[in-house]
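Here is the structure we will look at, set down as structure tokens.
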Amino acid sequence: QVQLVESGGGLVQAGGSLRLSCAASVSIFSLNAMGWYRQAPGNQRELVALITRGGSINYADSVKGRFTISIDNAKNTMYLEMNSLKPEDTAFYYCNTIVAGRTYWGQGTQVTVSS
């Protein structure tokens, strides 16, 4: 059983920054990969960024150059640094991992970017 808890969402003006955190109940070092997803009203959940245990990182084209995913193994926490935020970044943000074929999600944190 893996528990993921997101925090750090909020309301920010366009061009601003936020840092999301995802605290895991297990050692992050033991996980093959973790990711950040987002879902806006009326849209499907989409991958924002993915990081593997080996250090490989992938970003959605829409956030490349603006968002940075990272992991602090000592704190068992994954982060998403979001800069130059745009109104279209408004969504619920979720962290995710897969362990033994089972997918785990956090409860999500709302990010709202005003124009």
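The values are calculated or read from the model by the stated rules, or taken from the named source; none is laboratory data. In this text, all values refer to a predicted model and were calculated from it rather than measured experimentally. Cβ placement follows ideal geometry from the backbone for every residue including glycine, while neighbour counts extend to all protein chains displayed. With ligands, DNA and RNA removed, areas are computed over all heavy atoms of the protein, side chains included. Shrake-Rupley method; radii C 1.70, N 1.55, O 1.52, S 1.80 Å.
Summary of values
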| item | result |
| --- | --- |
| Shape call, the stretch 1-56: gyration tensor on alpha carbons, a/c limit 1.5 | prolate |
| Ranking by accessible area, most exposed first, for Ser56, Ser70, Ser21 with a 1.4 Å probe | Ser56, Ser70, Ser21 |
| Dipole in debye (nearest 20) - the stretch 51-95, about Cα centre, beta carbon charges: Lys, Arg +1; Asp, Glu -1 | 120 debye |
| Summed residue charge, Cβ within 11 Å of Gly8's Cβ, Lys/Arg positive, Asp/Glu negative | -1 |
| Rounded accessible area per residue of the stretch 19-69, 1.4 Å, Å² | 54 Å² |
| Rounded percent of accessible protein surface that carbon and sulfur make up, the stretch 4-115, 1.4 Å probe | 49 percent |
| Length-normalised contact order for the chain - Cα pairs under 8 Å, 6+ apart - percent | 37 percent |
| Most positive-pole-ward Cα, Thr103, Ile71, Phe92, against dipole of the stretch 37-115 from beta carbon charges | Thr103 |
| Magnitude of the charge dipole, the chain, Cβ model with Lys/Arg +1 and Asp/Glu -1, debye to 20 | 140 debye |
